[in-house]
Amino acid sequence: MSSDLRKAILENISIEELLREEGFEVIPRGRKLTVKGHDSLVITPDKGVFTWNSRGFAGSVIDLYMGLHGCDARTAMTALRKRLPEYSRQHAAGPEPRQREPPKREEKKPLVLPKKDNSKWSRVYAYLMAARKITPTVVKWLVQQKTIYPDERGNLCYVGRDAQGTVNYCARKGTLTPKDGQKGFRNVVEGSDYEHRCVMNASPQHTKLIVTEAAVDAWSFASMLELHGLDFRDYTYLSLECTYEGPLGKFLEENPQVKTIYLGQDADEAGLKSRDRCRDLLKERQYSGKVIDKLPDARAPGCKDWNDALKYYLEQQRIREQSEPSREPIMEPAPGLELTP
């Protein structure tokens, strides 16, 4: 794609125009703009840029199209090109100008899962059980459910499934410890369903849902349930893969049987705001079940997420066992995990 096309798109298509055409209600916020129901989206019109904190992306109108449709820059620019005045004139049918039609969404690309490499399982096991401290029982269950597997580079691949049990989401996470100052590898596979995100262990019989920001936090929560004598298999897990509340609404549309929702987002500002937005969404949907906040740092200062809480709990358990070798280990409630079975 040429730089001229990029320049034409940025000069002729505004972020607010694209949002309105996508069905959002744009509202003013001082000298900036936002959209109804998404306070974390902030648009700076005079600069032609936006920041969408809850969804984790920002940039120009091209970046916005990429984020909304889950596509690359080339696909986004090809679609946006059709909205340019010059393109409309060149492709007009007949002497009379056509009325503008609503923009059509790009055809969703199929999800092609990364190739599995059974020789790399040791990397995945070491990452989950040694680095993340996920219990062996939970890891074995994830393998049996075909929720996790290693790719050819030894990355951890994990999948989510739709209401029919078909894989509709896949992400990859590096299993090697990142170097100082660097972030670990993470990638969402093209074709993944961003609207539903990562749903694990869904069943029409399950009435309890656990919501977390990341899959590893969901598995940490499951490990804590096991450590406290609760059957983690009785719960459905929804990893938002960020702090955006939308996937919770999509899940409830297809699973009205859920009577209890545990909001297990991180114990930081973004996580707290995500909980508030989830509660607002549930109120708007007139959800009548229980909604329980599960803060991972309720009794463990410094534990930002549920993986931190799991590692903290296991370390405290190890200290107790070393200091009282003659006694049976005492199982006390974990930080923030006073769950109702």
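The values are calculated or read from the model by the stated rules, or taken from the named source; none is laboratory data. Keep in mind that what you see is a predicted model, and the values were worked out from it rather than measured. Here Cβ is always computed from backbone atoms with ideal geometry, including for glycine, and neighbour counts include all displayed protein chains. These accessible areas exclude ligands, DNA and RNA; they are computed on the full protein's heavy atoms, side chains included. Shrake-Rupley method; radii C 1.70, N 1.55, O 1.52, S 1.80 Å.
Here is how the numbers come out for the structure above:
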{"quantity": "Net charge dipole size for the chain [Lys, Arg +1 and Asp, Glu -1 on Cβ; Debye, nearest 20]", "calculated": "600 debye"}
{"quantity": "Accessible-area composition of the chain, carbon plus sulfur, in percent [1.4 Å probe]", "calculated": "49 percent"}
{"quantity": "Cβ-derived FRET efficiency at R0 25 Å, residue 129 paired with residue 323, nearest 0.05", "calculated": "0.50"}
{"quantity": "Karplus-derived HN-Hα couplings along region 37-43 (A = 6.51, B = -1.76, C = 1.60, θ = phi - 60°), whole Hz, x at Gly and Pro", "calculated": "x, 9, 5, 7, 8, 10, 10"}
{"quantity": "Phi to ³J(HN,Hα) by Karplus 6.51 cos²θ - 1.76 cosθ + 1.60 over region 133-142, Hz, x for Gly, Pro", "calculated": "6, 5, 5, x, 4, 5, 4, 4, 5, 4"}
{"quantity": "Isotropically averaged projected area of region 1-53, using the convex hull of Cα atoms (one quarter of hull area), nm²", "calculated": "4.2 nm²"}
{"quantity": "Relative contact order of region 185-286, pairs being alpha-carbon contacts under 8 Å that are 6 or more residues apart, as %", "calculated": "34 percent"}
{"quantity": "Global geometry of region 243-327, whether rounded, prolate or oblate, following the gyration tensor of its Cα atoms and the 1.5 cut on a/c", "calculated": "prolate"}
{"quantity": "Accessible area per residue in Å² at 1.4 Å probe, computed on the chain", "calculated": "54 Å²"}
{"quantity": "Residue-averaged [θ]222 nm for the chain, counting only DSSP H segments that reach four residues, each worth -39500 (n - 2.57)", "calculated": "-9500 deg cm²/dmol"}
{"quantity": "Residues whose placed amide H lies under 5 Å from that of residue 262, excluding near-sequence neighbours", "calculated": "209, 210, 211, 292"}
{"quantity": "For the chain, the spread of Cα positions along each principal axis, largest first, Å", "calculated": "91, 46, 41"}
{"quantity": "In Hz, Karplus ³J(HN,Hα) per residue of region 50-67 (6.51, -1.76, 1.60; θ = phi - 60°; x = Gly, Pro)", "calculated": "9, 9, 10, 4, 5, 9, x, 8, 7, x, 9, 4, 5, 5, 5, 4, 4, x"}
{"quantity": "Mean separation of Cα contacts under 8 Å (6+ apart) over length of the chain, as relative contact order %", "calculated": "11 percent"}
{"quantity": "Cα gyration tensor shape of region 115-154, rounded if a/c is under 1.5, else prolate or oblate by comparing a/b with b/c", "calculated": "oblate"}
{"quantity": "Under 5 Å, built H, 5+ apart or other chain: amide partners of residue 242", "calculated": "none"}
{"quantity": "Residues whose placed amide H lies under 5 Å from that of residue 169, excluding near-sequence neighbours", "calculated": "160, 193"}
